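Input: a single structure, listed below in structure tokens.
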Amino acid sequence: MKKLNRRSFLKGGLAGGAAIAAVGTSKQAVAGTHNFGGYPDSMGVLVDLTKCVGCRTCEAACNKEQALPTPDKPFDDPSVFEERREGGLPRRTTEKAYTVVQKYDVPGREHPLFRKVQCNHCNEPACLTSCFVNAYKKTPEGAVIYDKTVCVGCRTCMIACPFYIPAYSYSSAINPVVKKCIMCYDTRLKFGRPPACVEACPQEVMTFGKRKDLLKLAHQRISEKPDKYVDQVYGENEVGGTAWLYMSDVPFDKIGYDNHLGTQPIISYVKEFLAMVPMVLTIWPALFTGFHLLSNRKDALKNDDNKS
């Protein structure tokens, strides 16, 4: 049987989703697939993974800046690095944590490698071009932001994202909310300030600046220390490029990065489906409301049974 990888799944799954979900804004979505490449002066962040010590100061800064709930475990508790989700994978971003640090024990490396994970803010985001209600926007400053007031909770963006980033709030089916890093756009980025995680890092793991300048800096570092870094800047070309860029002393595919995404935006593979308009918007919120009510009724019946 042919192995189904992430890229194949995205092509097939998103094609199906797009065929169902594309509506009146499909012309705009298709127009966004012609190798946009990002805004020329957009900002970005260069992450040097060789410097990260896993202190999770970035997580704490994000939590405070975005007014997120207090985590179940404090930020100085290293046991979170041992947590695993389905399939034995490290923890991922959630509706309560827009950035997380993962730990990798790499054979031959003296110390563990720590990897910060958050939205990569793609130049041509699959979440944006797959969203049939235009809940996402790519800003000239480089951030991919989200408008919860128009979201209908279809979660196509979660399928489309090649980095598994958007998280969904299940607390209310009639008020669906997708949550992810917005690069501190409202409070910092649009005023020219770096994201809170960047500013708080005591190890200076992250460098904030124009994306084009960060790429020059990254390649300069690699050329000056070829024995220290692998010859790749992750995010330079992957899925059309991302605002967050990474340098490492370990091959990226050994530390959870997908090196088989290609250089074209994910949506390019399914843009022909975005011309279809079969979705009836009025039934979608009702459908999720029904699921929500059924779930609540089931929980209520279960509680009654426990009391009796």
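The values are calculated or read from the model by the stated rules, or taken from the named source; none is laboratory data. Note that the structure is predicted; figures quoted are calculated from it, not measured. Here the Cβ positions follow ideal geometry from the backbone for every residue, glycine too, while neighbour counts run over all protein chains shown.
Quick notes
- The range 210-235 residues that are closer than 12 Å to Asp249 by Cα, paired with ones that are buried (at least 17 other Cβ atoms within 10 Å of the Cβ) and modelled with pLDDT under 95 (beta carbon under 8 Å, 6 or more apart): none
- Residues being hydroxyl-bearing (Ser, Thr, Tyr) and more than 26 Å from Asn134 (Cα to Cα) - total across the range 166-215: 1
- Every test in (1) closer than 22 Å to Tyr257 by Cα; (2) surrounded by fewer than 21 Cβ atoms within 10 Å (Cβ to Cβ); (3) among the β-branched types (Val, Ile, Thr) is passed by Val233 save one, and that test is (2).
- Yes/no for Lys216 being modelled with pLDDT of 95 or more, more than 30 Å from Leu68 (Cα to Cα) and assigned to a loop (DSSP other than H, G, I, E, B): no
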